[in-house]
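Chemist: Structure in structure tokens, see below.
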Amino acid sequence: MARKPFIAGNWKMNMTAESGKQLITELKPLVKGAKCEVALCVPAILIPAMSKAVKGSKIKLGAQNMHWAESGAFTGEISAEMLKEYGVKYVIIGHSERRQYFGETDETVNKRTLAVLKNDLTPIVCVGETLEERENDKTKSVLDKQLEEGLKDVEDVTKLVIAYEPVWAIGTGKTATDEQAQETIKYIRKKLGKLFGSKNANKVKIQYGGSMNAKNCKGLMAQPDIDGGLIGGASLKTDFATIVNFEK
């Protein structure tokens, strides 16, 4: 059975309730006939407003982070219950920016991932190497560690999404070639096969998360192991619809 493609936008720390609503209003008719799954992962403060904005559309709502505890003294964090109240379906976990700027580790990625799964939400678990790690031929060892530790104790790997983000291609305008992206994502699938069995690994959706845009999406999406994209800058414009409709 073929894996259904999944295109998710990550607004990062951008947009307001007004501009977000305007963009979604413009996107709705453009993505109506999409053959893939579509989601927008928005800043926490925008979730209530965007929950209303996406109603009745092809677009599902995602969050950019979630705490592993049900509630408690965790200032600035968000719980699963808070997200579910507004119809959130997806949660980005372990984005490279969370790792780089906010102390996210493979251990906390693991805690968050297990909590997301426990609450019947879908985690988009991010993995990827820096430019230095790639140039020192450490890509595979970095990915191995992130997958082994980040997915520890996961019972059903088919219930999550993996996003491969070559950190050197995020926000830089650089993109891995179609072949580079395919080679690394194929390796990730192979590693998942060792951890969870090849049958399960073949069901996992793996997105490419390194500056996918309207111009390069068709080539990347044509690769056999790439099942979608985690889109940053291009998700802030109606260009996002071009990526969603990559098959047309």
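Laboratory data are not the source of any read-out in this text; all were calculated from the coordinates shown. Model, not experiment: these values are computed from the prediction. Every residue, glycine among them, receives a Cβ derived from its backbone with ideal geometry; neighbour counts consider all protein chains shown.
Chemist: Specify whether the C-alpha gyration tensor of the stretch 91-234 places it in the rounded, prolate or oblate class, a ≥ b ≥ c being the square roots of the eigenvalues: rounded for a/c under 1.5, otherwise prolate if a/b is larger than b/c and oblate if not. Mind dumping the intermediate values first?
Modeler: Numbers: a/c = 1.44, a/b = 1.27, b/c = 1.14.
Rounded, because the longest to shortest axis ratio a/c is under 1.5.
Chemist: Another question, then. Cut-off is 10 Å between beta-carbons; in what order do LYS55, LYS159, LYS205 appear when sorted fewest neighbours first? Could the numbers behind the result be given before it?
Modeler: Values: LYS55 12, LYS159 15, LYS205 19.
Neighbour counts put them in this order, fewest first: LYS55, LYS159, LYS205.
Chemist: Sort ILE59, ILE45 by Cβ crowding within 10 Å, fewest neighbours at the top.
Modeler: ILE45, ILE59
Chemist: Now, a different point. Suppose only helical runs count, i.e. DSSP H with n ≥ 4. What mean residue ellipticity at 222 nm does that imply for the chain under -39500 (n - 2.57) per run, divided by all residues and rounded to the nearest 500 deg cm²/dmol?
Modeler: On the way: 11 runs with 98 residues, N = 248.
Computed ellipticity for the chain at 222 nm equals -11000 deg cm²/dmol.
Chemist: By how many nm would the segment from THR16 to LYS190 lengthen if fully extended, with 0.36 nm per residue of separation less the alpha-carbon distance?
Modeler: On the way: separation 174, 0.36 × 174 = 62.64 nm, distance 4.03 nm.
Difference between extended and current length: 58.6 nm.
Chemist: On to the next question. Under 10 Å, Cα contacts only: if you run a Gaussian network model on the chain, which one of ALA234, ALA169, ALA69 comes out with the highest mean-square fluctuation?
Modeler: With Cα springs under 10 Å in the chain, the top fluctuation among ALA234, ALA169, ALA69 is at ALA69.
Chemist: Stretch SER51-GLU70 to full length: gain in nm at 0.36 nm per residue minus the Cα-Cα span?
Modeler: Numbers: separation 19, 0.36 × 19 = 6.84 nm, distance 2.14 nm.
Between SER51 and GLU70, full extension yields 4.7 nm more.
Chemist: What net charge is computed for the residues neighbouring ALA53, neighbours being all others with C-beta under 14 Å from the C-beta of ALA53, Lys and Arg scored +1, Asp and Glu -1?
Modeler: Working: positive: LYS21, LYS28, LYS52, LYS55, LYS58, LYS60; negative: GLU18, GLU26.
The answer is +4.
Chemist: Compare LYS52, LYS111, LYS203 in a GNM of the chain, Cα atoms joined below 10 Å, and give the one with the largest fluctuation.
Modeler: LYS52
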